Amino acid sequence: METLLSKEDLRTALSEVRRFARGVVSARIEGPEHPLPRPTLERLLSEATEAGFVPDATEEATGLWVDLDDPMGPTLSARTIETLAAVNPGIAWTCHVRAMPVWLARRLNKPEALEEKESVVPLQGYHGLGRVALPRYLAGAQLEGDDRAMLRDWLSPAQPGARRVVHAPAGFKAVLSPYFDGEAVRWIRQPIDALDPLPAGPTLGLDEVDAVALASSDAGTPLGPDDPEEARKIFAEALVIQSLALVAVGIGCLRHAHDLAREQARSRVQGGQRIEHHPAVQSLIGSADTALLATDALLGRMAEGPLRGNRIGDVFAARAEAHPLLCRGATDALQVFGGSGYMQDVGMEKALRDSQQLRLMGGTPGELERFVSEWDRVR
Amino acid sequence: MNQQPHLDGYLSPDHPLSPRGLFADLPAAIRPMVTPKVTTVWEQDTATLPSALARARKRYRSFAEQELRRRALPIDSAPHLEPGELHPSLADLLKSAGREGMLTDLLPRPLGSASLGGYRHPLVWTQALRAEELSRVCAGQMLLLSAHSLGVIPIVFAGDLAAMRRFVLPAYRQSLAGDPHIFAFAITEPSAGSDAEEGHGASGRRPGTVAKRVNGGWSLQGRKVFISGGDIAKSITVFAALENEGIESWTCFLVTSDMPGFEVVRTELKMGMRASAAAEIAFHDVFVPDDHVIGQPRQGWAINRATLNASRYAVAGMGVGLAQGATEAAIDFACRTELAGKALVNFQEVQLQIADMMTETSAIRGMLWQAARKAYVARQDRSSMCKFHCTDRAVHVVEMALELMGNHGTLHDSGVEKIYRDARLTQIFEGTNQINRLAVIEDQQEQLLARIERN
């Protein structure tokens, strides 16, 4: 694969993102205790699109998840998200959510999938990660016993009242949903009204993003693909992209928390000396430091090379390792602040809530580990 | 061969290989030794308590279910109120808690509402049981009802009977009549959190709240922060240094909210435990008469440390209750949520998670009860060990519950995301868990020094 993006290009692109994050995004945030009002969030998204960080439906659009055949493409997108998340994880996640339908429509070669400008791609099944059925399906192994029923129910739950939860800014008009038809995971464009969307109330973290609970429905326009092998690849790629985004947001979030904790340790005096000299505080900050270092390396590994769905085992393994580290780093960084860390205006508790929420979205570490075990067994 | 219902991967209780049936065939003399009654863990644990405490535990659970359960989620997501304002639902809770004796059960009858039978056992054990049962349902409301007792403990530990008669008894009578009189405990200052909870740090610190001698009493100047219930308290035990002296001069003053110069500056927007406000309070030359000094001048540091040694058992109890609440919520979720036509509880990985949560919770409860059972003297090392270990493990249990519920756990309605936010505070207040680790060593200092000398 020819490398179109050089390391220098990557550095230049990311410094532009950094300028945008620190100059434009940061200026709109009143404080961690005040989630961005919806109009402000929309304005920021428009500006991010104009700046070329979030793609729109046009063919020449650039930004997140666009150049994924380029070996540096996944890295550029993941690091863009990380950079935005260091200022505000909710905005970073929203940019990813907006970019996903564009990636999918292009990947399916179905521009009409974007007929409704505001769509989302919900990759979270009803509960967990489809147990062993998902790795078997994605590895191309023989589906056994209840695997088909599991995959179908995971993506389109049959239990009365069961709803899938989507974490995205409310107000989207259509959903590009994966569904299992007994042979492959294919895609369908569903108008939001067909899914009886219910606001699912406040969530643990990502205050800028809403939680919407969607009912199961088969109504909609099929988007394919017809070829079952292609369908398998596309679904795996979508899950890889989502994993990159979740870890990238988590790292940005921890970087912010770490910097705040370091600053607090530098300025706060207790027991007659700055607390950065207390071994207890050094351990806490060291924990955040090592978590950052380790997860940064994991993200580097996850984003290596062009996007390939068959790397999902490695990617899930890295994610399973990354999120507990990110949560540990965030909670230890908060602890440096003592009581004030628990207060919303400081920003540490938001970082911790965001980290915990990211751990639970798109498969938890335990579910990812069980996926990896079965993936490894059947391949 | 299975006849009765059973979970996937298990034999039904009436299966020929099930221990339940097999034990019934053993000799009559042996049977009682190997055949436990089928009961819940809660029933098993309650049965191990002395009867007075078992009764108290049942009463706390019943109160929590009746009064706290319905308020827990709505209060958590209610808008933040201005200082001094109280949500009407919480005002009702305080009234009914007062009438039920839940604001006066620190002391036995006739002084308070605790049973004399319960008082035969260490007070910290009863308080830990109470914190556990209330926190299991809503830690925020628990804090609202219990920070009040923390404000009374310094008066008890000062051994100041005159102060008890003058301040505590009328307030208790008021509360029992349905007009809650709330106390608060004020040690933390803007420039120092943990310094107020640890001697070495305190020794190098310049106190921020200072009492100046004036005619007939003292004039208080300064600020206290993160005071639980400080916004609604009518009486506050405030610790202040004497003018031009260090923290060794700390003195406990009973300040009432109607004293001129007392101000509730603000209440914090907190991560959790939102039913109880954390207030910043200010003293602008507040005149405190001599008869409002609790104990003797310069006894404040001792009273503070004794209070924390007692209250840390209760914080450990909060941890146990939060872990129990999260475990129950996760079990409930696993039993009602189906995947491919099966309740999640049928899946082995879910069973493993539930078993871990139950066991971790049981282990910290065992640690706490073991320490509290003989805590007629509240030892610093034991109370701190219980505080930091029970709360650290509790947060871990809550994380496991979130993990079991996956992305459903992120939703407010799940209840567990609230428990997580509530639980995180228990690792911070009453001394961060780092400070509590150091407190264990401080209490072991003589033994450690002796070992150095021996070597």
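Within the range B:119-149, which residues are more than 17 Å from the chain's Cα centre (by Cα) and crowded, with 20+ Cβ neighbours inside 10 Å? Write out each step before concluding.
Initial filter on the range B:119-149 (more than 17 Å from the chain's Cα centre (by Cα)): B:119-121.
Across the range B:119-149, the qualifying residue is only B:His121.
So, in the range B:104-143, exactly how many residues are of a type in the set (Gly, Ala, Ser) and under 22 Å from B:Gly272 (Cα atoms)?
Taking the range B:104-143 first, the residues of a type in the set (Gly, Ala, Ser) are B:112-115, B:117-118, B:128, B:131, B:135, B:139-140.
Narrowing further to those that are under 22 Å from B:Gly272 (Cα atoms): B:128, B:131, B:135, B:139-140.
The number of residues fulfilling the criteria is 5.
Can you report the number of residues in the range A:115-133 which are away from chain B (no Cβ under 14 Å) and at pLDDT 90 or above? Break it down into steps so the answer makes sense when it comes.
So in the range A:115-133, the residues away from chain B (no Cβ under 14 Å) come out as A:115-121.
If we keep only those that are at pLDDT 90 or above as well, we get A:119-121.
Within the range A:115-133, residues that are away from chain B (no Cβ under 14 Å) and at pLDDT 90 or above number 3.
Quick one: is A:Glu276 surrounded by fewer than 17 Cβ atoms within 10 Å (Cβ to Cβ), in a helix (DSSP H, G or I), out of contact with any strand residue (DSSP E or B) (no Cβ under 7 Å at 6 or more places or on another chain) and among the charged types (D, E, K, R)? It would help to see each step written out before you state the result.
Working: surrounded by fewer than 17 Cβ atoms within 10 Å (Cβ to Cβ): no; in a helix (DSSP H, G or I): yes; out of contact with any strand residue (DSSP E or B) (no Cβ under 7 Å at 6 or more places or on another chain): yes; among the charged types (D, E, K, R): yes.
Spelling it out, it is not the case that A:Glu276 is surrounded by fewer than 17 Cβ atoms within 10 Å (Cβ to Cβ), in a helix (DSSP H, G or I), out of contact with any strand residue (DSSP E or B) (no Cβ under 7 Å at 6 or more places or on another chain) and among the charged types (D, E, K, R).
I'm trying to understand the selection: among the residues of the range A:135-157, which are touching a strand residue (DSSP E or B) at 6+ places or on another chain (Cβ under 8 Å) and at the interface with chain B (Cβ under 10 Å from one of its Cβ atoms)? Let's see the steps before the verdict.
Quick first cut of the range A:135-157, residues touching a strand residue (DSSP E or B) at 6+ places or on another chain (Cβ under 8 Å) only: A:137, A:148, A:150-157.
Passing the criteria: A:Arg148, A:Met150, A:Leu151, A:Arg152, A:Asp153, A:Trp154, A:Pro157.
Report whether or not B:Leu308 is modelled with pLDDT under 95 and in contact with a helix residue (DSSP H, G or I) (Cβ under 8 Å, 6 or more places away or on another chain).
Details: modelled with pLDDT under 95: yes; in contact with a helix residue (DSSP H, G or I) (Cβ under 8 Å, 6 or more places away or on another chain): yes.
Here the answer is yes, as B:Leu308 does meet what is asked.
Working only within the range A:60-106, note down all residues that are among the aromatic types (Phe, Trp, Tyr) and either within 21 Å of A:Pro225 (Cβ to Cβ) or without any contact (Cβ under 8 Å) to a residue 24 or more places away in the chain (or both).
Within the range A:60-106, the subset among the aromatic types (Phe, Trp, Tyr) is A:65, A:93, A:103.
Scanning the range A:60-106 gives A:Trp65, A:Trp103.
Go through B:Arg70, B:Arg55 for me and flag whichever is within 21 Å of B:Ala139 (Cα to Cα) and at pLDDT 90 or above.
Numbers: B:Arg55 fails: within 21 Å of B:Ala139 (Cα to Cα).
Of B:Arg70, B:Arg55, the one residue that is within 21 Å of B:Ala139 (Cα to Cα) and at pLDDT 90 or above is B:Arg70.
Please go through the range B:302-319 and give me each residue that is surrounded by fewer than 24 Cβ atoms within 10 Å (Cβ to Cβ) and farther than 23 Å from A:Ser340 by Cα, ordered by number.
B:Ala302, B:Ala306, B:Ala310
Restricting the search to the range B:212-247, which residues are surrounded by 23 or more Cβ atoms within 10 Å (Cβ to Cβ), among the β-branched types (Val, Ile, Thr) and either in a strand (DSSP E or B) or more than 30 Å from the chain's Cα centre (by Cα) (or both)?
Once the filter is applied, which keeps residues that are surrounded by 23 or more Cβ atoms within 10 Å (Cβ to Cβ), among the β-branched types (Val, Ile, Thr) and either in a strand (DSSP E or B) or more than 30 Å from the chain's Cα centre (by Cα) (or both), the range B:212-247 yields B:Val225, B:Ile227, B:Ile236, B:Thr237, B:Val238.
Considering only residues that are part of a strand (DSSP E or B) and either more than 8 Å from every other protein chain (Cβ to nearest Cβ) or β-branched (Val, Ile, Thr) (or both), which ones fall in the range A:158-169?
Here is the first cut: in the range A:158-169, the ones part of a strand (DSSP E or B) are A:164-168.
Correct list: A:Arg164, A:Val165, A:Val166, A:Ala168.
Would you call B:Gly98 within 19 Å of B:Arg274 (Cα to Cα) and either touching a residue at least 12 places away in the same chain (Cβ under 8 Å) or assigned by TED's automatic domain parsing to the domain that holds B:Lys234 (or both)?
Details: within 19 Å of B:Arg274 (Cα to Cα): no; either touching a residue at least 12 places away in the same chain (Cβ under 8 Å) or assigned by TED's automatic domain parsing to the domain that holds B:Lys234 (or both): yes.
For B:Gly98, the condition - within 19 Å of B:Arg274 (Cα to Cα) and either touching a residue at least 12 places away in the same chain (Cβ under 8 Å) or assigned by TED's automatic domain parsing to the domain that holds B:Lys234 (or both) - is not met.
When you look at B:Leu53, is it in contact with a helix residue (DSSP H, G or I) (Cβ under 8 Å, 6 or more places away or on another chain) and surrounded by 10 or more Cβ atoms within 10 Å (Cβ to Cβ), yes or no? Give the steps one after another, and end with the answer.
Details: in contact with a helix residue (DSSP H, G or I) (Cβ under 8 Å, 6 or more places away or on another chain): yes; surrounded by 10 or more Cβ atoms within 10 Å (Cβ to Cβ): yes.
The answer is yes for B:Leu53.
Output the residues belonging to the range B:341-361 that are more than 11 Å from chain A (Cβ to nearest Cβ) and not acidic (Asp, Glu).
Within the range B:341-361, B:Val345, B:Asn346, B:Gln351, B:Ile354, B:Ala355, B:Met357, B:Met358, B:Thr359, B:Thr361 qualify.
Within the range B:370-388, how many residues are surrounded by fewer than 21 Cβ atoms within 10 Å (Cβ to Cβ) and outside any loop (DSSP other than H, G, I, E, B)?
4
Is there any pair with a first residue in the range A:247-259 that is without any contact (Cβ under 8 Å) to a residue 60 or more places away in the chain and a second that is part of a helix (DSSP H, G or I) and surrounded by fewer than 24 Cβ atoms within 10 Å (Cβ to Cβ) whose Cβ atoms are under 6 Å apart and which are 6 or more apart or on different chains, and what are they?
If the second residue must be part of a helix (DSSP H, G or I) and surrounded by fewer than 24 Cβ atoms within 10 Å (Cβ to Cβ), no pairs are left.
As an exercise: evaluate B:Ala423 against (1) at pLDDT 95 or above; (2) under 20 Å from A:Leu368 (Cβ atoms) and give the number of the one condition it does not meet.
(2)
Helices (runs of 4 or more DSSP H) wholly in the range B:1-84 with at least 3 residues that are touching a Gly at 6+ places or on another chain (Cβ under 9 Å) and outside the structural domain of B:Asp231 (by TED's automatic domain parsing) - which ones? Can you show your working first?
Values: elements: B:19-24, B:31-34, B:41-47, B:51-63, B:69-76.
Ranges flagged: B:51-63, B:69-76.
Going through the range B:429-443 one residue at a time, which ones are at the interface with chain A (Cβ under 7 Å from one of its Cβ atoms) and surrounded by fewer than 24 Cβ atoms within 10 Å (Cβ to Cβ)? So that I can check it myself, show each step before the final result.
We begin by selecting, within the range B:429-443, every residue at the interface with chain A (Cβ under 7 Å from one of its Cβ atoms); these are B:429, B:432, B:434.
Once the filter is applied, which keeps residues that are at the interface with chain A (Cβ under 7 Å from one of its Cβ atoms) and surrounded by fewer than 24 Cβ atoms within 10 Å (Cβ to Cβ), the range B:429-443 yields only B:Gln434.
Look through A:Leu368, A:Leu293 and report the one residue that is farther than 29 Å from A:Arg164 by Cα, within 20 Å of the chain's Cα centre (by Cα), more than 9 Å from every other protein chain (Cβ to nearest Cβ) and not acidic (Asp, Glu). Can you show your working first?
Details: A:Leu368 fails: farther than 29 Å from A:Arg164 by Cα.
Of the residues listed, the single one that is farther than 29 Å from A:Arg164 by Cα, within 20 Å of the chain's Cα centre (by Cα), more than 9 Å from every other protein chain (Cβ to nearest Cβ) and not acidic (Asp, Glu) is A:Leu293.
When you scan the range B:29-47, how many residues do you find that are modelled with pLDDT of 90 or more and exposed (fewer than 10 other Cβ atoms within 10 Å of the Cβ)?
Total meeting the criteria: 2.
So which residues in the range B:175-186 are surrounded by fewer than 24 Cβ atoms within 10 Å (Cβ to Cβ) and over 16 Å from B:Leu86 (Cβ atoms)?
B:Leu176, B:Ala177
Pull out all pairs, ordered by first then second residue, where Cβ-Cβ is under 6 Å, the residues are six or more apart or on different chains, the first lies in the range A:227-238 and is in contact (Cβ under 8 Å) with a residue 60 or more places away in the chain, and the second is assigned to a helix (DSSP H, G or I).
Note: pairs meeting the criteria are A:Lys233/A:Gly309; A:Ile234/A:Arg107; A:Ala236/A:Leu138; A:Ala236/A:Gly309; A:Ala236/A:Ile312; A:Glu237/A:Gly309.
Checking B:His284 against (1) surrounded by fewer than 21 Cβ atoms within 10 Å (Cβ to Cβ); (2) in the same structural domain as B:Glu430 (by TED's automatic domain parsing); (3) touching a strand residue (DSSP E or B) at 6+ places or on another chain (Cβ under 8 Å), only one condition comes out false. Which one?
(2)
Which one of these does B:Thr337 not meet: (1) over 30 Å from B:Ser219 (Cα atoms); (2) in contact with a Lys or Arg (Cβ under 9 Å, 6 or more places away or on another chain); (3) of a type outside the set (Asp, Glu)?
(2)
The values are calculated or read from the model by the stated rules, or taken from the named source; none is laboratory data. Please read all numbers here as calculations on a predicted model, not as lab measurements. Virtual Cβ from ideal backbone geometry, glycine too; neighbours counted across all protein chains shown.
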